[in-house]
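For reference, the structure discussed in these notes is given below.
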Amino acid sequence: MNKKENKLIPSLRFPEFKNEGEWEDISIDSVGNVITGGTPSKEESEYWGGDFVWVTAQDFKEKYIYNSVLKLTEKGKERTRVIPKNSILVTCIASIGLNGINKVECATNQQINSIVCNTSNHYEFVYYAISRNIVQLKNLAGQTAVPIINKTAFEKFTIQKPKLPKEQQKIASCLSSLDEVIEAHSQKMDLLKDHKKGLMQNLFPQEGKKVPKYRFKEFEKDGEWVEKSLGEVGDFVGGGTPDTSKQEYWDGEILWYTPTEIKNGKLKSSIRKITEQGLKNSSAKLLPKGTILITTRATIGDVSITEEECTTNQGFQSLIVHSTEVNTFWLYWILQNKEALIKRASGSTFKEIGKNEITNIPTLSPQKEEQQKIASCLSALDELITAQAEKIEQLKEHKKGLMQGLFPKVK
């Protein structure tokens, strides 16, 4: 590696800073004052249950921290160290490297070191610089039963920064703007999910009822929905696993699913595949396209619908719909009620719902035309949610690439 490659110069730089030379390594204690948090006595009730934010690892959900699960009273606040807002909070015990910016005055527990930046360092930039070096920070903790970075080691940890505060601020503003876009799209996805939840509550009858609260106009006079058990509308098929020691059973063309691969929606591919010989030498059966896969062992109640022929391991009961009166996608939506499946599971250490239990689950259905209308409505909403999730992932990948360009390569 030549000398030029060793220089701390990012590959992507704003034009006005092109000739500003190398960045510099700087230790955390040169960035600002480091404050380690503490926990007031849990035995003193007068310290707890107030309004003052007290941050722990469970409160790191977004970049900005406004609130906390646990809060202190004024007396509790006096028993800890107050962190001014716009500090950078970093977990240094157990869950190493969670970081955020407190947008309100707060305190923290002892797992967290907080950096109160001096006037030479922009707090938003420092947040991103630490985020860029998270892998190096975690490596500092070592391989112990409970990973820990003590205050001294944390203070000597280095990040990279440009010499001009204006360049710090420009980078921070660029990345913050992108974070705001990601957050806006995340909020939009949450609204879509809430809308879907509300629709399902209104488009399906509530417990004890046989007519939903809301009905499409053309079906308002169609009367009560009809009750049938799942076993009356289709056949349930269990799965199986070919002998893993026999190579000739594996790496074929038949899709073979395990419960970890199942999430609401359509399935097109599987992590592993089996051969025709593997299928014949296991209890698994070939399932036609359009089969509803339901996880019934350990992880219970996750549902997907297949877009290709496939088979599964023994953690499933898969429903092949045979009734001409029931729309397959309609049944898929009915089975989104995960709690109804979980409560029928049995077993002390290993929960499972058997074929008999799932076969006898009652369902309510309208005429097939109304089933199709509801299923189409919810499917269209799901497509919007999926598209929104993909957009968010694309933005996150763009941010990742941008950070790799805006910061020098870490040695």
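The values are calculated or read from the model by the stated rules, or taken from the named source; none is laboratory data. Bear in mind that the values here come from a model prediction, so they are computed numbers and not experimental data. Neighbour counts are summed over all protein chains in view; Cβ atoms, including those assigned to glycine, are modelled from backbone coordinates with ideal geometry.
Out of all the residues in the stretch 298-316, which are over 24 Å from N281 (Cα atoms) and surrounded by 19 or more Cβ atoms within 10 Å (Cβ to Cβ)? Result: I300, G301, D302, V303, S304, I305. Being touching a residue at least 12 places away in the same chain (Cβ under 8 Å) and farther than 30 Å from T349 by Cα narrows it down to one of P288, P242, so name that one. Step by step, each of P288, P242 is checked, and only P288 is touching a residue at least 12 places away in the same chain (Cβ under 8 Å) and farther than 30 Å from T349 by Cα.
So which residues in the stretch 109-131 are part of a strand (DSSP E or B), buried (at least 22 other Cβ atoms within 10 Å of the Cβ), of a type outside the set (A, V, I, L, M) and touching a helix residue (DSSP H, G or I) at 6+ places or on another chain (Cβ under 9 Å)?
The initial filter retains those residues of the stretch 109-131 that are part of a strand (DSSP E or B), namely 112-117.
Retained after the next criterion (residues that are buried (at least 22 other Cβ atoms within 10 Å of the Cβ)): 112-115.
Filter again for of a type outside the set (A, V, I, L, M), leaving 113-114.
Hit for the stretch 109-131 is N113, nothing else.
Go through the stretch 132-155 and give me each residue that's outside any loop (DSSP other than H, G, I, E, B), out of contact with any strand residue (DSSP E or B) (no Cβ under 7 Å at 6 or more places or on another chain) and farther than 28 Å from S176 by Cβ.
Applying the first criterion (outside any loop (DSSP other than H, G, I, E, B)) to the stretch 132-155 yields 132, 134-141, 148, 151-155.
Filter again for out of contact with any strand residue (DSSP E or B) (no Cβ under 7 Å at 6 or more places or on another chain), leaving 132, 134-140, 152-153.
Residues satisfying the conditions are T152, A153.
Run down Y64, Y47 and say which single residue is at pLDDT 95 or above, under 21 Å from R132 (Cβ atoms) and among the aromatic types (F, W, Y). Quick ask: steps written out before the conclusion?
Details: Y47 fails: under 21 Å from R132 (Cβ atoms).
The unique qualifying residue is Y64.
This table checks each residue for (1) under 16 Å from L230 (Cβ atoms); (2) of a type in the set (D, E); (3) in contact with a Cys (Cβ under 7 Å, 6 or more places away or on another chain).
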position	(1), (2), (3)
T328	yes, no, no
W333	yes, no, no
A340	yes, no, no
S348	no, no, no
I353	yes, no, no
E357	yes, yes, no
P362	yes, no, no
P366	no, no, no
I374	no, no, no
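Being over 30 Å from I115 (Cβ atoms) and either without any contact (Cβ under 8 Å) to a residue 40 or more places away in the chain or not aromatic (F, W, Y) (or both) is a condition met by at least one residue of the stretch 171-188.
With the condition being loosely packed, with under 12 Cβ neighbours inside 10 Å, I'd like the helices (runs of 4 or more DSSP H) fully within the stretch 1-81 carrying at least 2 qualifying residues. Give the steps one after another, and end with the answer.
Values: elements: 3-6, 28-31, 74-77.
Those helices (runs of 4 or more DSSP H) span 3-6.
On the stretch given as the stretch 366-411, residues that are within 27 Å of S176 (Cβ to Cβ) and either touching a strand residue (DSSP E or B) at 6+ places or on another chain (Cβ under 7 Å) or assigned to a helix (DSSP H, G or I) (or both) total 23. Close Cβ contacts (under 7 Å, 6 or more residues apart or on different chains) running from residues in the stretch 132-147 that are within 30 Å of P10 (Cα to Cα) to residues that are at pLDDT below 85 comprise N133/V410; Q136/V410. Does at least one position in the stretch 85-94 carry a residue that is small (G, A, S), surrounded by fewer than 16 Cβ atoms within 10 Å (Cβ to Cβ) and over 23 Å from the mean Cα position of the chain (by Cα)? The answer is no; no qualifying residue exists.
Going by the conditions given, is I294 under 22 Å from the mean Cα position of the chain (by Cα), β-branched (V, I, T) and buried (at least 20 other Cβ atoms within 10 Å of the Cβ)? So that I can check it myself, show each step before the final result.
Details: under 22 Å from the mean Cα position of the chain (by Cα): yes; β-branched (V, I, T): yes; buried (at least 20 other Cβ atoms within 10 Å of the Cβ): yes.
Criteria met by I294.
Conditions tested, residue by residue: (1) closer than 26 Å to P205 by Cβ; (2) under 26 Å from the mean Cα position of the chain (by Cα); (3) of a type in the set (G, A, S).
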{"position": "K285", "(1), (2), (3)": "no, no, no"}
{"position": "K289", "(1), (2), (3)": "no, no, no"}
{"position": "G301", "(1), (2), (3)": "yes, yes, yes"}
{"position": "E307", "(1), (2), (3)": "no, yes, no"}
{"position": "T312", "(1), (2), (3)": "no, yes, no"}
{"position": "L319", "(1), (2), (3)": "yes, no, no"}
{"position": "H322", "(1), (2), (3)": "yes, no, no"}
{"position": "N327", "(1), (2), (3)": "yes, no, no"}
{"position": "I334", "(1), (2), (3)": "yes, yes, no"}
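Where strands (runs of 3 or more DSSP E) fall entirely within the stretch 198-265, those with at least 2 residues that are within 30 Å of the chain's Cα centre (by Cα) are at 250-257.
The residues on offer are L230, L140, and the sole one that is at pLDDT below 95, touching a Phe, Trp or Tyr at 6+ places or on another chain (Cβ under 8 Å), buried (at least 18 other Cβ atoms within 10 Å of the Cβ) and within 30 Å of L293 (Cβ to Cβ) is L230. Checking each residue in the stretch 185-203 for being surrounded by 12 or more Cβ atoms within 10 Å (Cβ to Cβ) and either touching a Gly at 6+ places or on another chain (Cβ under 9 Å) or of a type in the set (G, A, S) (or both) picks out only S186.
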